[in-house]
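Asks: So that we are looking at the same thing, I have put the structure below in structure tokens.
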Amino acid sequence: MNLLKYLLSITLVFLSILSVNSQPQKENSLIKLGRVKYSGGGDWYNDPSADANLLNYIKTHTNIPVEPVYTYVDLASDNLFAFPILFLTGHGNMNLSNLEVLNLRSYLENGGFLYIDDDYGLKEFAIREMKKVFTNQQFVELPFSHGIFNCHFKFPNGVPKIHEHDNNAAQTFGLFSKGRLCVLFTIESNPSDGWADANVHSNPPEVREKALQFGTNVVIWALTE
């Protein structure tokens, strides 16, 4: 993707978001990730340095206007529509209320994007809760040929393995709204561990680099497709 086409794509996304009141909107021109706060006992708040570090990396390596901050989002509030991208992670149970399910479905069906990263122990609960949001869908595994793996940085073998969980292959799954990938779900990979400050998980620099590159692809894909 050449630079002019890339910048034009982002501009069109911004305009389309701002033109429809029910779609995710931004309070200003700077992109922020909305960390999803959820009930149920899971540690939705873990690794708070991850969000800002990823956005700082994106600021350095792309022309996307970002605000490198850690900001949480309550799905029961209309504030979620201020974020083009939501990020959800944790190690345990999550439980969405009826209002949260309705809000999240509206957000996703109107152009929003949710990235879920299983930080170990979240998988079964995320699958259960997202089934409430899209009752007629199951998560489907994305092939390595999917554009999210090559829209900026190249990952010919899919999502990189950043943190070991059960010695299984890293996998990437998705849910769709009208053919658009609107929910991305990574398991046995844990890229967000690699976004956190270097001393948190002691990942070597080359592993953190891959994690940040993959996160950059996620953001680019969410904003331009």
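Asks: Within segment 132-154, restricting attention to residues that are touching a strand residue (DSSP E or B) at 6+ places or on another chain (Cβ under 6 Å) and assigned to a loop (DSSP other than H, G, I, E, B), which residue is nearest to Thr62 (Cα to Cα)?
Replies: Leu142
Asks: Regarding segment 182-191, can at least one residue be identified that is loosely packed, with under 15 Cβ neighbours inside 10 Å and assigned to a loop (DSSP other than H, G, I, E, B)?
Replies: Residues of segment 182-191 that are loosely packed, with under 15 Cβ neighbours inside 10 Å, as a first pass: none.
Scanning segment 182-191, I find no residue that is loosely packed, with under 15 Cβ neighbours inside 10 Å and assigned to a loop (DSSP other than H, G, I, E, B), so the answer is no.
Asks: Condition test on Asn63, is it farther than 15 Å from Leu175 by Cα and open to solvent by 70 Å² or more (accessible area, probe 1.4 Å)? Talk me through it step by step, then tell me what you get.
Replies: Values: farther than 15 Å from Leu175 by Cα: yes; open to solvent by 70 Å² or more (accessible area, probe 1.4 Å): yes.
Yes; evaluated as a whole, the condition is true for this residue.
Asks: Filter segment 74-103 down to residues that are assigned to a strand (DSSP E or B) and in contact with a Ser or Thr (Cβ under 7 Å, 6 or more places away or on another chain), then give me how many there are.
Replies: The qualifying residues number 2.
Asks: Answer with yes or no whether Leu108 is under 14 Å from the mean Cα position of the chain (by Cα) and part of a strand (DSSP E or B).
Replies: Values: under 14 Å from the mean Cα position of the chain (by Cα): yes; part of a strand (DSSP E or B): no.
Judged against the criteria, Leu108 is not a match.
The values are calculated or read from the model by the stated rules, or taken from the named source; none is laboratory data. Just so it is clear, the model here is predicted, and its values are computed rather than measured. As a convention, Cβ positions derive from the backbone with ideal geometry for all residues, glycine included, and neighbour counts pool all protein chains shown. When the accessible area is computed, the model is the full protein with side chains, heavy atoms only, and any ligands, DNA or RNA have been set aside. Shrake-Rupley method; radii C 1.70, N 1.55, O 1.52, S 1.80 Å.
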